[in-house]
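Reading through the structure tokens given below for one structure.
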Amino acid sequence: MAKSKAVKKVLDSHVIKGTHKVVKAGDCVLLRASDPGNPPYVARVEKIESDNRNNVKVHVRWYYRPEESMGGRRQFHGAKELFLSDHYDIQSFDTIEGKCTVHTFKSYTKLDSVSAEDYFCRFEYKASTGGFIPDRVAVYCKCEMPYNPDDLMVQCEACKDWFHPSCMNLSQEQVKKMDHYVCPDCDASGQQEGDKKQGSIEGASALEESKSWPTDSGSQDGEKKSRNSHRVFPRSEQKNQRSGKNSK
Ligand SMILES: [Zn+2]
Ligand SMILES: [Zn+2]
């Protein structure tokens, strides 16, 4: 008997079993981790295909969590941060357990509330080399770290830089009560005297208005370039092995 060749048919959409959730190309989905104790994998759907035996496969492009990257999780990585990798895969559609939203960095910082299905992505990640695009981002505060959207920051109304309360020996409560903040450097130079401008104190959602984020070297002004060009975040240190997603 002649074996029937698997004829593949591209599907416009497919419903997650046991739900009414419709998945289409371009959607972001959660896939069951091989170890049930681990959080689900996150991927972007590239294509949905079924064969003549109605096996539905999904072509995905993986998002990596910071801990799955070669450099590991760093202090400035947000809890809901993902990297869009160049790692493509084909999985059974049945491993999809839900849908999620991967926001841009900017739209994530503007969310009123962050649900379990909300993530954000500001870097592309090269799985083979551990490299990131962009490979440079603006840094803030005395600690010269990129912005972690989970952290409260306060903006100095004089120099417009953003600061972590803890780096300035302030408590979160003190900062939340402030109407104005002037960092010690500006306070010492007295430049802000008579300045009536309101400094904003928030989860730094207005950050991108005063600083470019993420930076790209072409759009940086000279001042910013000189300040930031010595820092490259994240560095592509090649320590950890990436998780074996393709072994599933
Ligand atoms: Zn700091
Ligand atoms: Zn200042």
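The values are calculated or read from the model by the stated rules, or taken from the named source; none is laboratory data. As the structure is a computational prediction, the values presented were derived from the model and not from experiment. In this analysis, Cβ positions are derived from the backbone assuming ideal geometry, glycine residues included, and neighbour counts consider all displayed protein chains.
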query: Looking only at residues in the range 134-143 that are of a type outside the set (K, R) and within 14 Å of ligand 1 (Cβ to nearest atom), which one is nearest to F105 (Cα to Cα)?
result: A138
statement: By residue number, the members of the range 157-189 that are out of contact with any Cys (no Cβ under 9 Å at 6 or more places or on another chain) and part of a loop (DSSP other than H, G, I, E, B) are K160, P165, N169, L170, S171, M178, D179, H180
- prompt: Quick check, is A127 small (G, A, S) and under 30 Å from D187 (Cα atoms)?
  reply: no
statement: Taking the range 139-151 and keeping only residues that are away from ligand 2 (no atom under 16 Å from the Cβ) and part of a loop (DSSP other than H, G, I, E, B), one is left with P146, Y147, N148, P149, D150, D151
- prompt: Take the residues of the range 37-72 that are free of Cβ contacts under 8 Å to residues at least 24 places away in the same chain and surrounded by fewer than 15 Cβ atoms within 10 Å (Cβ to Cβ): which is nearest to F132 (Cα to Cα)?
  reply: E67
- prompt: Within the range 144-163, is there a residue that is away from ligand 1 (no atom under 16 Å from the Cβ), surrounded by 14 or more Cβ atoms within 10 Å (Cβ to Cβ) and at pLDDT below 95?
  reply: yes
- prompt: Of these, S171, S128, which one is among the small types (G, A, S) and either within 11 Å of ligand 2 (Cβ to nearest atom) or not assigned by TED's automatic domain parsing to the domain that holds K106 (or both)?
  reply: S171
